[in-house]
């Protein structure tokens, strides 16, 4: 991934993808897109086929595709497709905080991972 304006990716880890992985999605400990409201291990910076060795970013400020609208500073979790959505329940896992806002789905937004 070329360094995009505003990103500051931190540490990366390598996994074997358990399913096809789209770029800029939350990845769960299952090595596939994170489940809805689940804690993510990190974020992909590229697409990968199932069985591929994939690097995921586990710290820093990264690009994630949005699954809906949210404001700057919003706590975000994953939707069922690994996209960033605002948390709406105390039981939702917080995967990061929005550095940029999303006005709808499928936008590239900056998320500070936690």
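The values are calculated or read from the model by the stated rules, or taken from the named source; none is laboratory data. Note that this is a predicted model, so its numbers are computed, not measured. Every residue, glycine among them, receives a Cβ derived from its backbone with ideal geometry; neighbour counts consider all protein chains shown.
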*Among the candidates 91, 14, single out the residue that is more than 14 Å from residue 114 (Cα to Cα), assigned to a strand (DSSP E or B) and over 14 Å from the mean Cα position of the chain (by Cα).*
14
*Give me a count of the residues in the range 17-34 that are in a loop (DSSP other than H, G, I, E, B) and closer than 15 Å to residue 77 by Cβ.*
4
*Spot the failing condition for residue 106; the list is (1) assigned to a strand (DSSP E or B); (2) at pLDDT below 95, and only one is missed.*
(2)
_The listed residue being assigned to a strand (DSSP E or B) and in contact (Cβ under 8 Å) with a residue 60 or more places away in the chain, out of 43, 76_ = 43
_Of the residues 40, 22, only one is closer than 15 Å to residue 81 by Cβ and surrounded by fewer than 19 Cβ atoms within 10 Å (Cβ to Cβ); which?_
22
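Looking for whichever is in contact (Cβ under 8 Å) with a residue 24 or more places away in the chain, part of a strand (DSSP E or B) and buried (at least 21 other Cβ atoms within 10 Å of the Cβ) here; the options are 62, 85. Which one fits? Working first, answer last.
On the way: 85 fails: in contact (Cβ under 8 Å) with a residue 24 or more places away in the chain.
Only one candidate passes the filter, namely 62.
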_Evaluation of residue 37 against (1) on the phi < 0 side of the Ramachandran plot; (2) under 13 Å from the mean Cα position of the chain (by Cα); (3) in a loop (DSSP other than H, G, I, E, B) (one fails), failing number_ = (1)
